[in-house]
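Colleague: Please read through the structure below; I'll follow up with questions.
The values are calculated or read from the model by the stated rules, or taken from the named source; none is laboratory data. Model, not experiment: these values are computed from the prediction. Backbone-built Cβ (ideal geometry, glycine too); neighbour counts: all protein chains shown.
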Amino acid sequence: MTTETTFASLALAPEILRAVDEQGYTQPTPIQAQAIPLVLENRDLMAGAQTGTGKTAAFTLPMLQKLLPHANTSASPARHPVRALILTPTRELAIQVEESVKAYGKHVPLRSLVVFGGVDIKTQTPTLMRGVEILVATPGRLLDHVEQRTVQLNQVQILVLDEADRMLDMGFLPDLKRILNLLPKQRQSLMFSATFSNDIKKLAEDFLTNPTLVEVARSNATSENVTQKIYKVAQADKHPVLAELLRQENAQTLVFTKTKLTASRLARMLQRDGIAADAIHGDKTQQERIQALEAFKQGKITTLVATDVAARGLDIDQLPMVINYEIPHVPEDYVHRIGRTGRAGATGIAISLVSPEETKLLKEIEKLIKREIPQEEPPQPQRPARGERRFGGGERGERSERGERNERGERSERSERSERKFSSPTTRKPHDPWFDKPYEPDATTPTATHATPRPISKSKREVPALLGGVVRKE
Ligand code: AMP
(Lines give C-alpha, C1' and ligand atoms only; values in the text may rest on other atoms or scores of the structure.)
Protein backbone atom coordinates (compact mmCIF):
# COMPACT_ATOMS: atom_id res chain seq x y z
CA MET A 1 0.00 0.00 0.00
CA THR A 2 1.51 3.33 -0.97
CA THR A 3 1.07 6.61 0.80
CA GLU A 4 -0.96 7.81 -2.22
CA THR A 5 -3.96 5.76 -1.19
CA THR A 6 -7.05 7.94 -1.02
CA PHE A 7 -10.13 7.41 1.10
CA ALA A 8 -12.18 7.09 -2.09
CA SER A 9 -9.96 4.22 -3.30
CA LEU A 10 -10.69 2.30 -0.08
CA ALA A 11 -14.19 1.52 -1.33
CA LEU A 12 -15.96 3.08 1.62
CA ALA A 13 -19.63 4.02 1.33
CA PRO A 14 -20.47 7.65 0.41
CA GLU A 15 -22.07 8.34 3.82
CA ILE A 16 -18.82 7.27 5.55
CA LEU A 17 -16.66 9.25 3.12
CA ARG A 18 -18.81 12.30 3.78
CA ALA A 19 -18.16 12.07 7.52
CA VAL A 20 -14.42 11.59 6.93
CA ASP A 21 -14.41 14.68 4.75
CA GLU A 22 -16.25 16.64 7.41
CA GLN A 23 -13.52 15.67 9.87
CA GLY A 24 -11.08 17.41 7.54
CA TYR A 25 -9.09 14.30 6.69
CA THR A 26 -7.72 14.49 3.18
CA GLN A 27 -5.68 11.29 3.03
CA PRO A 28 -5.60 8.06 5.02
CA THR A 29 -2.78 7.68 7.51
CA PRO A 30 -0.42 4.73 6.90
CA ILE A 31 -2.24 2.54 9.43
CA GLN A 32 -5.58 3.38 7.83
CA ALA A 33 -4.29 2.68 4.32
CA GLN A 34 -3.01 -0.71 5.46
CA ALA A 35 -5.69 -1.83 7.87
CA ILE A 36 -8.95 -0.72 6.21
CA PRO A 37 -8.73 -3.10 3.18
CA LEU A 38 -7.75 -6.01 5.46
CA VAL A 39 -10.63 -5.40 7.86
CA LEU A 40 -13.02 -5.21 4.89
CA GLU A 41 -11.64 -8.61 3.77
CA ASN A 42 -12.67 -10.04 7.16
CA ARG A 43 -9.09 -10.67 8.25
CA ASP A 44 -8.06 -10.78 11.91
CA LEU A 45 -5.46 -8.11 12.61
CA MET A 46 -2.58 -7.66 14.98
CA ALA A 47 -1.79 -4.01 14.47
CA GLY A 48 1.21 -2.26 15.91
CA ALA A 49 0.26 1.37 16.03
CA GLN A 50 0.71 4.04 18.62
CA THR A 51 -2.12 6.28 19.68
CA GLY A 52 -1.93 9.28 17.39
CA THR A 53 -1.47 7.30 14.19
CA GLY A 54 -5.16 7.43 13.31
CA LYS A 55 -5.81 3.89 14.50
CA THR A 56 -9.35 4.62 15.72
CA ALA A 57 -10.52 5.43 12.20
CA ALA A 58 -8.48 2.46 10.93
CA PHE A 59 -10.86 0.09 12.70
CA THR A 60 -14.00 2.24 12.94
CA LEU A 61 -14.39 3.12 9.25
CA PRO A 62 -14.36 -0.47 7.95
CA MET A 63 -16.46 -1.52 10.94
CA LEU A 64 -19.16 0.99 9.98
CA GLN A 65 -18.95 -0.21 6.38
CA LYS A 66 -19.42 -3.82 7.41
CA LEU A 67 -22.35 -3.03 9.70
CA LEU A 68 -24.03 -0.77 7.16
CA PRO A 69 -26.41 -3.51 5.92
CA HIS A 70 -27.71 -3.82 9.51
CA ALA A 71 -28.45 -0.11 9.90
CA ASN A 72 -32.12 0.42 10.62
CA THR A 73 -34.41 2.85 12.38
CA SER A 74 -36.65 0.27 14.03
CA ALA A 75 -37.60 0.96 17.65
CA SER A 76 -37.32 -2.72 18.55
CA PRO A 77 -34.27 -3.60 20.70
CA ALA A 78 -34.13 -6.97 18.95
CA ARG A 79 -33.21 -5.16 15.74
CA HIS A 80 -30.20 -3.52 17.44
CA PRO A 81 -28.05 -6.26 18.99
CA VAL A 82 -24.43 -5.52 19.86
CA ARG A 83 -22.58 -6.40 16.65
CA ALA A 84 -19.29 -4.68 17.34
CA LEU A 85 -17.52 -4.53 20.69
CA ILE A 86 -14.60 -2.20 21.29
CA LEU A 87 -12.70 -2.75 24.54
CA THR A 88 -10.40 -0.06 25.88
CA PRO A 89 -8.27 0.10 29.04
CA THR A 90 -9.50 3.46 30.34
CA ARG A 91 -12.67 5.47 30.59
CA GLU A 92 -11.10 8.43 28.85
CA LEU A 93 -10.07 6.36 25.85
CA ALA A 94 -13.50 4.71 25.77
CA ILE A 95 -15.18 8.12 25.67
CA GLN A 96 -12.89 9.33 22.91
CA VAL A 97 -13.31 6.22 20.80
CA GLU A 98 -17.08 6.44 21.05
CA GLU A 99 -16.96 10.12 20.10
CA SER A 100 -15.01 9.06 17.00
CA VAL A 101 -17.53 6.31 16.24
CA LYS A 102 -20.30 8.92 16.44
CA ALA A 103 -18.37 11.35 14.24
CA TYR A 104 -17.45 8.80 11.56
CA GLY A 105 -20.91 7.22 11.71
CA LYS A 106 -22.75 10.54 11.66
CA HIS A 107 -24.60 9.75 8.43
CA VAL A 108 -25.21 6.08 9.17
CA PRO A 109 -28.21 5.02 11.29
CA LEU A 110 -26.22 2.70 13.55
CA ARG A 111 -26.41 3.16 17.31
CA SER A 112 -23.38 3.38 19.56
CA LEU A 113 -22.84 3.69 23.29
CA VAL A 114 -19.95 3.91 25.73
CA VAL A 115 -20.03 2.21 29.13
CA PHE A 116 -17.36 2.58 31.81
CA GLY A 117 -17.03 2.31 35.54
CA GLY A 118 -16.97 5.10 38.11
CA VAL A 119 -20.47 6.30 37.26
CA ASP A 120 -23.85 4.94 38.30
CA ILE A 121 -24.53 1.83 36.21
CA LYS A 122 -28.23 2.68 36.14
CA THR A 123 -27.57 5.71 33.94
CA GLN A 124 -26.21 3.38 31.24
CA THR A 125 -28.83 0.64 31.44
CA PRO A 126 -31.85 2.18 29.62
CA THR A 127 -29.86 3.09 26.49
CA LEU A 128 -28.10 -0.26 26.51
CA MET A 129 -31.39 -2.10 26.76
CA ARG A 130 -32.90 -0.14 23.88
CA GLY A 131 -30.19 -1.77 21.75
CA VAL A 132 -26.89 -0.56 20.27
CA GLU A 133 -24.90 -2.00 17.38
CA ILE A 134 -21.53 -0.62 18.47
CA LEU A 135 -20.58 -0.82 22.13
CA VAL A 136 -17.41 0.77 23.48
CA ALA A 137 -16.57 -0.45 26.98
CA THR A 138 -13.98 -0.83 29.66
CA PRO A 139 -13.75 -4.52 30.65
CA GLY A 140 -14.91 -4.29 34.29
CA ARG A 141 -18.06 -2.32 33.62
CA LEU A 142 -18.95 -4.50 30.66
CA LEU A 143 -18.84 -7.54 32.95
CA ASP A 144 -21.08 -5.71 35.44
CA HIS A 145 -23.64 -5.27 32.67
CA VAL A 146 -23.27 -8.90 31.65
CA GLU A 147 -23.97 -9.93 35.25
CA GLN A 148 -27.01 -7.69 35.42
CA ARG A 149 -28.17 -9.14 32.09
CA THR A 150 -28.45 -5.69 30.59
CA VAL A 151 -26.31 -6.70 27.62
CA GLN A 152 -25.93 -9.77 25.44
CA LEU A 153 -22.78 -10.43 23.49
CA ASN A 154 -23.80 -13.47 21.49
CA GLN A 155 -24.20 -11.56 18.23
CA VAL A 156 -20.84 -9.79 18.24
CA GLN A 157 -19.29 -10.03 14.79
CA ILE A 158 -16.33 -7.72 15.33
CA LEU A 159 -14.19 -7.40 18.43
CA VAL A 160 -11.58 -4.66 18.84
CA LEU A 161 -9.01 -4.75 21.63
CA ASP A 162 -7.69 -1.20 21.69
CA GLU A 163 -4.39 -0.50 23.45
CA ALA A 164 -4.10 -4.18 24.27
CA ASP A 165 -0.70 -3.71 25.92
CA ARG A 166 -2.28 -1.23 28.32
CA MET A 167 -5.04 -3.65 29.16
CA LEU A 168 -2.48 -6.27 30.12
CA ASP A 169 -0.44 -3.72 32.13
CA MET A 170 -3.56 -2.81 34.04
CA GLY A 171 -4.32 -6.42 34.92
CA PHE A 172 -7.35 -6.87 32.68
CA LEU A 173 -6.33 -10.29 31.37
CA PRO A 174 -8.79 -12.29 33.54
CA ASP A 175 -11.63 -9.91 32.57
CA LEU A 176 -10.68 -10.15 28.90
CA LYS A 177 -10.72 -13.93 29.05
CA ARG A 178 -14.19 -13.91 30.60
CA ILE A 179 -15.50 -11.50 27.97
CA LEU A 180 -13.93 -13.41 25.09
CA ASN A 181 -15.66 -16.58 26.29
CA LEU A 182 -19.02 -14.85 25.92
CA LEU A 183 -18.48 -13.97 22.27
CA PRO A 184 -19.33 -16.14 19.28
CA LYS A 185 -16.32 -18.16 18.08
CA GLN A 186 -17.11 -17.06 14.55
CA ARG A 187 -16.11 -13.42 14.60
CA GLN A 188 -13.46 -10.99 13.43
CA SER A 189 -10.93 -9.83 16.01
CA LEU A 190 -8.70 -6.79 15.71
CA MET A 191 -5.98 -6.07 18.21
CA PHE A 192 -4.15 -2.75 18.47
CA SER A 193 -1.07 -2.26 20.58
CA ALA A 194 1.71 0.32 20.72
CA THR A 195 4.26 -2.18 22.00
CA PHE A 196 4.81 -5.86 21.26
CA SER A 197 5.75 -7.68 24.41
CA ASN A 198 5.76 -11.47 24.66
CA ASP A 199 2.53 -11.24 26.64
CA ILE A 200 0.89 -9.39 23.77
CA LYS A 201 2.08 -12.02 21.31
CA LYS A 202 0.60 -14.68 23.58
CA LEU A 203 -2.72 -12.81 23.74
CA ALA A 204 -2.74 -12.57 19.94
CA GLU A 205 -2.07 -16.31 19.62
CA ASP A 206 -4.91 -17.12 22.00
CA PHE A 207 -7.57 -14.82 20.65
CA LEU A 208 -6.86 -14.08 17.00
CA THR A 209 -7.26 -16.49 14.11
CA ASN A 210 -4.41 -16.48 11.63
CA PRO A 211 -3.93 -12.71 12.06
CA THR A 212 -2.28 -10.41 9.57
CA LEU A 213 0.43 -8.33 11.16
CA VAL A 214 0.22 -4.66 10.33
CA GLU A 215 2.91 -2.40 11.66
CA VAL A 216 3.37 1.25 11.00
CA ALA A 217 6.00 1.79 13.62
CA ARG A 218 8.99 -0.21 14.66
CA SER A 219 8.14 -2.02 17.86
CA ASN A 220 8.67 0.35 20.74
CA ALA A 221 9.67 3.14 18.38
CA THR A 222 8.86 6.73 19.16
CA SER A 223 7.31 9.02 16.59
CA GLU A 224 9.76 10.81 14.33
CA ASN A 225 7.57 13.89 14.65
CA VAL A 226 8.46 14.36 18.29
CA THR A 227 11.60 16.25 19.18
CA GLN A 228 12.88 14.67 22.36
CA LYS A 229 15.29 16.24 24.81
CA ILE A 230 16.36 15.90 28.38
CA TYR A 231 17.24 18.45 31.02
CA LYS A 232 19.31 17.19 33.88
CA VAL A 233 17.78 18.79 36.94
CA ALA A 234 18.05 17.89 40.61
CA GLN A 235 14.69 16.66 41.91
CA ALA A 236 14.31 19.66 44.20
CA ASP A 237 14.80 22.05 41.27
CA LYS A 238 12.26 20.47 39.03
CA HIS A 239 9.32 22.60 40.11
CA PRO A 240 10.91 26.03 39.42
CA VAL A 241 12.41 24.76 36.15
CA LEU A 242 9.03 23.42 35.10
CA ALA A 243 7.24 26.63 36.09
CA GLU A 244 9.73 28.65 34.04
CA LEU A 245 9.38 26.35 31.05
CA LEU A 246 5.60 26.64 31.17
CA ARG A 247 5.77 30.42 31.49
CA GLN A 248 8.14 30.71 28.55
CA GLU A 249 6.16 28.41 26.30
CA ASN A 250 2.63 29.35 27.27
CA ALA A 251 1.45 26.38 25.22
CA GLN A 252 -0.85 23.47 26.01
CA THR A 253 1.32 21.04 27.95
CA LEU A 254 0.73 17.63 29.44
CA VAL A 255 3.00 17.03 32.44
CA PHE A 256 3.58 13.50 33.69
CA THR A 257 4.26 12.45 37.26
CA LYS A 258 4.67 9.00 38.69
CA THR A 259 2.17 9.28 41.51
CA LYS A 260 -1.28 10.70 42.09
CA LEU A 261 0.02 12.61 45.10
CA THR A 262 2.74 14.34 43.10
CA ALA A 263 0.25 15.15 40.33
CA SER A 264 -2.09 16.89 42.78
CA ARG A 265 0.66 18.72 44.63
CA LEU A 266 2.36 19.86 41.48
CA ALA A 267 -0.88 21.17 39.98
CA ARG A 268 -1.50 23.14 43.20
CA MET A 269 2.03 24.54 43.20
CA LEU A 270 1.71 25.60 39.56
CA GLN A 271 -1.62 27.27 40.29
CA ARG A 272 0.13 29.28 42.99
CA ASP A 273 2.71 30.25 40.38
CA GLY A 274 -0.14 31.76 38.36
CA ILE A 275 -0.20 28.94 35.80
CA ALA A 276 -3.61 27.63 34.74
CA ALA A 277 -3.08 24.02 35.76
CA ASP A 278 -5.14 21.07 36.90
CA ALA A 279 -4.45 17.43 37.71
CA ILE A 280 -6.00 14.27 36.34
CA HIS A 281 -5.52 10.97 38.12
CA GLY A 282 -7.27 7.90 39.45
CA ASP A 283 -8.39 9.44 42.75
CA LYS A 284 -10.40 12.12 40.99
CA THR A 285 -14.04 11.41 40.28
CA GLN A 286 -15.05 10.66 36.74
CA GLN A 287 -16.78 14.03 36.60
CA GLU A 288 -13.65 15.86 37.75
CA ARG A 289 -11.53 14.02 35.20
CA ILE A 290 -13.88 14.80 32.34
CA GLN A 291 -14.09 18.46 33.41
CA ALA A 292 -10.31 18.82 33.63
CA LEU A 293 -9.86 17.20 30.24
CA GLU A 294 -12.50 19.41 28.64
CA ALA A 295 -11.01 22.56 30.19
CA PHE A 296 -7.63 21.51 28.81
CA LYS A 297 -8.97 20.73 25.36
CA GLN A 298 -10.74 24.09 25.25
CA GLY A 299 -7.60 25.92 26.37
CA LYS A 300 -9.17 27.13 29.63
CA ILE A 301 -6.23 25.55 31.39
CA THR A 302 -2.82 25.33 29.74
CA THR A 303 -1.23 22.64 31.86
CA LEU A 304 -2.62 19.24 32.72
CA VAL A 305 -0.63 17.21 35.24
CA ALA A 306 -1.35 13.52 34.83
CA THR A 307 -0.33 10.08 35.95
CA ASP A 308 0.29 7.39 33.36
CA VAL A 309 -2.94 5.58 34.01
CA ALA A 310 -5.08 8.72 33.75
CA ALA A 311 -3.40 9.86 30.55
CA ARG A 312 -3.64 6.60 28.68
CA GLY A 313 -5.10 7.00 25.27
CA LEU A 314 -5.92 10.69 25.67
CA ASP A 315 -6.41 12.16 22.24
CA ILE A 316 -5.82 15.83 22.47
CA ASP A 317 -5.65 17.37 19.07
CA GLN A 318 -2.18 18.54 18.14
CA LEU A 319 -0.83 18.81 21.65
CA PRO A 320 2.42 20.77 21.28
CA MET A 321 4.32 19.68 24.36
CA VAL A 322 4.74 16.85 26.82
CA ILE A 323 6.95 17.13 29.90
CA ASN A 324 8.10 14.22 31.98
CA TYR A 325 8.39 15.75 35.42
CA GLU A 326 9.43 12.32 36.62
CA ILE A 327 10.82 9.47 34.56
CA PRO A 328 8.55 6.42 34.42
CA HIS A 329 9.67 3.16 35.99
CA VAL A 330 8.40 1.17 33.04
CA PRO A 331 10.31 2.28 29.91
CA GLU A 332 7.32 1.53 27.64
CA ASP A 333 5.42 4.24 29.50
CA TYR A 334 7.85 6.76 28.05
CA VAL A 335 6.75 5.75 24.54
CA HIS A 336 3.11 6.14 25.52
CA ARG A 337 3.67 9.44 27.26
CA ILE A 338 5.44 11.16 24.41
CA GLY A 339 2.94 9.66 21.98
CA ARG A 340 0.49 12.29 23.29
CA THR A 341 2.27 14.87 21.17
CA GLY A 342 3.36 14.78 17.53
CA ARG A 343 0.09 13.21 16.50
CA ALA A 344 -1.48 12.92 13.08
CA GLY A 345 1.39 14.59 11.25
CA ALA A 346 1.89 17.49 13.66
CA THR A 347 5.25 18.10 15.30
CA GLY A 348 5.69 18.01 19.04
CA ILE A 349 8.22 18.42 21.79
CA ALA A 350 8.86 15.97 24.61
CA ILE A 351 11.06 17.19 27.45
CA SER A 352 12.17 14.98 30.30
CA LEU A 353 13.45 16.42 33.56
CA VAL A 354 15.96 13.82 34.73
CA SER A 355 17.37 13.85 38.25
CA PRO A 356 20.59 11.97 39.05
CA GLU A 357 18.53 9.27 40.73
CA GLU A 358 16.68 8.72 37.47
CA THR A 359 19.70 8.25 35.22
CA LYS A 360 19.31 4.49 35.29
CA LEU A 361 15.68 4.72 34.21
CA LEU A 362 16.70 7.03 31.38
CA LYS A 363 19.27 4.51 30.16
CA GLU A 364 16.58 1.83 30.05
CA ILE A 365 14.36 4.08 27.97
CA GLU A 366 17.20 4.84 25.56
CA LYS A 367 17.82 1.13 25.23
CA LEU A 368 14.17 0.52 24.44
CA ILE A 369 13.85 3.25 21.83
CA LYS A 370 17.32 2.48 20.49
CA ARG A 371 18.51 6.04 20.52
CA GLU A 372 20.19 8.50 22.81
CA ILE A 373 17.99 11.44 23.78
CA PRO A 374 19.90 14.72 23.36
CA GLN A 375 20.65 16.60 26.54
CA GLU A 376 20.19 20.39 26.64
CA GLU A 377 20.54 23.12 29.23
CA PRO A 378 17.39 23.73 31.26
CA PRO A 379 15.89 27.23 31.22
CA GLN A 380 16.92 29.50 34.02
CA PRO A 381 14.05 30.47 36.30
CA GLN A 382 13.68 34.27 36.05
CA ARG A 383 11.92 34.69 39.35
CA PRO A 384 11.15 32.39 42.19
CA ALA A 385 7.87 30.59 41.89
CA ARG A 386 5.21 32.27 44.04
CA GLY A 387 5.13 30.88 47.55
CA GLU A 388 8.80 29.98 47.56
CA ARG A 389 11.37 31.45 49.83
CA ARG A 390 14.25 30.58 47.60
CA PHE A 391 14.96 28.89 44.37
CA GLY A 392 15.08 25.17 44.22
CA GLY A 393 12.23 23.73 46.19
CA GLY A 394 8.58 23.04 46.56
CA GLU A 395 6.07 24.83 48.71
CA ARG A 396 7.12 26.44 51.93
CA GLY A 397 7.39 23.86 54.59
CA GLU A 398 6.10 21.12 52.31
CA ARG A 399 8.35 18.18 51.78
CA SER A 400 9.19 17.54 48.18
CA GLU A 401 7.94 14.23 46.86
CA ARG A 402 11.29 12.51 47.09
CA GLY A 403 12.27 13.98 50.43
CA GLU A 404 15.03 16.29 49.21
CA ARG A 405 13.94 18.80 51.85
CA ASN A 406 13.47 18.16 55.49
CA GLU A 407 10.55 19.54 57.50
CA ARG A 408 12.19 22.96 57.90
CA GLY A 409 12.64 23.26 54.16
CA GLU A 410 16.36 22.65 54.19
CA ARG A 411 18.10 20.75 51.51
CA SER A 412 19.20 17.21 52.28
CA GLU A 413 22.72 16.03 51.62
CA ARG A 414 21.50 13.89 48.79
CA SER A 415 20.01 16.91 47.09
CA GLU A 416 23.17 18.98 47.57
CA ARG A 417 25.22 16.19 46.06
CA SER A 418 22.85 16.00 43.11
CA GLU A 419 23.26 19.69 42.49
CA ARG A 420 27.00 19.48 42.40
CA LYS A 421 26.76 16.75 39.83
CA PHE A 422 24.08 18.41 37.71
CA SER A 423 24.90 22.04 38.36
CA SER A 424 21.85 24.08 39.30
CA PRO A 425 20.03 25.95 36.54
CA THR A 426 20.46 29.20 38.47
CA THR A 427 24.17 29.12 37.75
CA ARG A 428 23.76 28.76 34.01
CA LYS A 429 22.64 30.98 31.17
CA PRO A 430 20.09 29.42 28.88
CA HIS A 431 21.38 29.12 25.36
CA ASP A 432 18.75 27.02 23.76
CA PRO A 433 17.48 29.13 20.83
CA TRP A 434 14.21 27.26 20.86
CA PHE A 435 13.37 28.60 24.26
CA ASP A 436 14.49 32.08 23.44
CA LYS A 437 12.07 32.25 20.57
CA PRO A 438 8.82 34.10 21.18
CA TYR A 439 5.66 32.08 21.01
CA GLU A 440 4.24 32.13 17.48
CA PRO A 441 0.89 30.43 17.26
CA ASP A 442 0.62 30.86 13.50
CA ALA A 443 4.11 29.70 12.63
CA THR A 444 4.31 27.19 9.82
CA THR A 445 5.55 23.72 10.57
CA PRO A 446 8.91 24.19 12.23
CA THR A 447 12.02 22.16 11.75
CA ALA A 448 12.67 19.38 14.14
CA THR A 449 15.30 21.02 16.29
CA HIS A 450 13.93 24.54 16.51
CA ALA A 451 10.26 23.78 16.62
CA THR A 452 7.77 26.36 17.81
CA PRO A 453 4.98 24.55 19.59
CA ARG A 454 1.53 25.17 18.30
CA PRO A 455 -1.61 25.55 20.32
CA ILE A 456 -4.29 22.90 20.11
CA SER A 457 -6.11 23.44 16.86
CA LYS A 458 -9.29 22.03 15.44
CA SER A 459 -8.54 23.31 11.97
CA LYS A 460 -8.13 21.02 8.99
CA ARG A 461 -5.41 18.59 9.79
CA GLU A 462 -2.27 17.90 7.88
CA VAL A 463 -2.08 14.57 6.20
CA PRO A 464 -0.36 12.42 8.75
CA ALA A 465 3.30 11.86 8.22
CA LEU A 466 3.48 9.37 10.95
CA LEU A 467 5.91 6.59 11.04
CA GLY A 468 6.60 6.05 7.39
CA GLY A 469 4.08 8.40 5.85
CA VAL A 470 4.74 11.72 4.13
CA VAL A 471 3.78 15.19 5.28
CA ARG A 472 1.65 17.04 2.83
CA LYS A 473 0.77 20.60 3.70
CA GLU A 474 -2.63 21.99 2.89
P1 AMP B 1 -5.95 8.11 16.94
O2 AMP B 1 -4.62 7.46 16.67
O3 AMP B 1 -7.07 7.30 16.41
O4 AMP B 1 -6.11 8.46 18.39
O5 AMP B 1 -6.01 9.47 16.11
C6 AMP B 1 -5.17 10.55 16.40
C7 AMP B 1 -5.66 11.83 15.77
O8 AMP B 1 -5.53 11.79 14.34
C9 AMP B 1 -7.12 12.16 16.02
O10 AMP B 1 -7.19 13.50 16.44
C11 AMP B 1 -7.80 11.98 14.71
O12 AMP B 1 -8.88 12.88 14.56
C13 AMP B 1 -6.69 12.30 13.73
N14 AMP B 1 -6.80 11.61 12.43
C15 AMP B 1 -7.21 10.34 12.22
N16 AMP B 1 -7.16 10.03 10.91
C17 AMP B 1 -6.71 11.12 10.27
C18 AMP B 1 -6.46 11.44 8.88
N19 AMP B 1 -6.63 10.54 7.91
N20 AMP B 1 -6.01 12.67 8.58
C21 AMP B 1 -5.81 13.57 9.57
N22 AMP B 1 -6.04 13.36 10.88
C23 AMP B 1 -6.48 12.14 11.24
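Colleague: MET191 - would you say it is surrounded by 22 or more Cβ atoms within 10 Å (Cβ to Cβ) and outside any helix (DSSP H, G or I)? Break it down into steps so the answer makes sense when it comes.
Modeller: Details: surrounded by 22 or more Cβ atoms within 10 Å (Cβ to Cβ): yes; outside any helix (DSSP H, G or I): yes.
Yes: the conditions hold for MET191.
Colleague: Then there is this: Search segment 303-318 for residues being in a loop (DSSP other than H, G, I, E, B) and within 26 Å of LYS367 (Cα to Cα), and hand back the single one that is modelled with the highest pLDDT.
Modeller: Here is the first cut: in segment 303-318, the residues in a loop (DSSP other than H, G, I, E, B) are 307, 312-318.
Of the ones still in play, those that are also within 26 Å of LYS367 (Cα to Cα) are 307, 312-314.
Numbers: THR307: 88, ARG312: 65, GLY313: 55, LEU314: 63.
Among residues in segment 303-318 that are in a loop (DSSP other than H, G, I, E, B) and within 26 Å of LYS367 (Cα to Cα), the one modelled with the highest pLDDT is THR307.
Colleague: I would also like to ask the following. Looking at (1) outside any loop (DSSP other than H, G, I, E, B); (2) more than 28 Å from SER355 (Cα to Cα), which is the only condition LYS300 fails?
Modeller: (1)
Colleague: I need a count of the residues in segment 6-49 that are free of Cβ contacts under 8 Å to residues at least 60 places away in the same chain, closer than 24 Å to SER189 by Cβ and within 13 Å of the ligand (Cβ to nearest atom).
Modeller: Residues in segment 6-49 being free of Cβ contacts under 8 Å to residues at least 60 places away in the same chain, closer than 24 Å to SER189 by Cβ and within 13 Å of the ligand (Cβ to nearest atom): 6 in total.
Colleague: Among the listed residues GLY118, GLY131, identify the single one that is at pLDDT 95 or above and more than 14 Å from the ligand (Cβ to nearest atom). Spell out the reasoning first.
Modeller: Values: GLY118 fails: at pLDDT 95 or above.
Step by step, each of GLY118, GLY131 is checked, and only GLY131 is at pLDDT 95 or above and more than 14 Å from the ligand (Cβ to nearest atom).
Colleague: Just to be sure, is VAL108 outside the structural domain of GLN286 (by TED's automatic domain parsing), more than 16 Å from the ligand (Cβ to nearest atom) and touching a helix residue (DSSP H, G or I) at 6+ places or on another chain (Cβ under 6 Å)?
Modeller: Working: outside the structural domain of GLN286 (by TED's automatic domain parsing): yes; more than 16 Å from the ligand (Cβ to nearest atom): yes; touching a helix residue (DSSP H, G or I) at 6+ places or on another chain (Cβ under 6 Å): yes.
Here the answer is yes, as VAL108 does meet what is asked.
Rundown of residues vs (1) surrounded by fewer than 22 Cβ atoms within 10 Å (Cβ to Cβ); (2) without any contact (Cβ under 8 Å) to a residue 60 or more places away in the chain; (3) not acidic (Asp, Glu), yes/no style:
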site	(1), (2), (3)
VAL241	no, no, yes
GLN252	no, no, yes
THR257	no, no, yes
LYS260	yes, yes, yes
ALA263	no, yes, yes
MET269	no, no, yes
GLY274	yes, no, yes
GLY282	yes, yes, yes
ARG289	no, no, yes
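Colleague: Separate question: Checking the structure you have, find out if any residue of segment 58-70 is in contact with a Leu (Cβ under 6 Å, 6 or more places away or on another chain), of a type in the set (S, T, N, Q) and away from the ligand (no atom under 15 Å from the Cβ).
Modeller: Yes, because at least one residue in segment 58-70 is in contact with a Leu (Cβ under 6 Å, 6 or more places away or on another chain), of a type in the set (S, T, N, Q) and away from the ligand (no atom under 15 Å from the Cβ).
Colleague: Let me spell it out: the conditions are (1) at pLDDT below 95; (2) within 16 Å of the ligand (Cβ to nearest atom); (3) under 29 Å from LEU128 (Cβ atoms), and SER74 meets all of them except one. Which number is the exception?
Modeller: Unmet for SER74, out of (1) at pLDDT below 95; (2) within 16 Å of the ligand (Cβ to nearest atom); (3) under 29 Å from LEU128 (Cβ atoms): (2).
Results for (1) without any contact (Cβ under 8 Å) to a residue 40 or more places away in the chain; (2) surrounded by fewer than 19 Cβ atoms within 10 Å (Cβ to Cβ); (3) part of a helix (DSSP H, G or I), shown as yes or no for each residue.
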| position | (1), (2), (3) |
| --- | --- |
| MET129 | no, yes, yes |
| ARG141 | yes, no, yes |
| GLN152 | no, yes, no |
| LEU159 | no, no, no |
| ASP165 | no, no, yes |
| LEU168 | yes, no, yes |
| ARG178 | yes, yes, yes |
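Colleague: Now for a separate question. Take ILE327 and tell me if it is surrounded by 19 or more Cβ atoms within 10 Å (Cβ to Cβ) and either in a loop (DSSP other than H, G, I, E, B) or small (Gly, Ala, Ser) (or both). Spell out how you get there, then give the answer.
Modeller: Values: surrounded by 19 or more Cβ atoms within 10 Å (Cβ to Cβ): yes; either in a loop (DSSP other than H, G, I, E, B) or small (Gly, Ala, Ser) (or both): yes.
Spelling it out, ILE327 is indeed surrounded by 19 or more Cβ atoms within 10 Å (Cβ to Cβ) and either in a loop (DSSP other than H, G, I, E, B) or small (Gly, Ala, Ser) (or both).
Colleague: Continuing with this model, one more query. Can you say whether VAL119 is in contact (Cβ under 8 Å) with a residue 12 or more places away in the chain and touching a Lys or Arg at 6+ places or on another chain (Cβ under 8 Å), as far as the supplied structure shows?
Modeller: Values: in contact (Cβ under 8 Å) with a residue 12 or more places away in the chain: yes; touching a Lys or Arg at 6+ places or on another chain (Cβ under 8 Å): no.
No, not satisfied.
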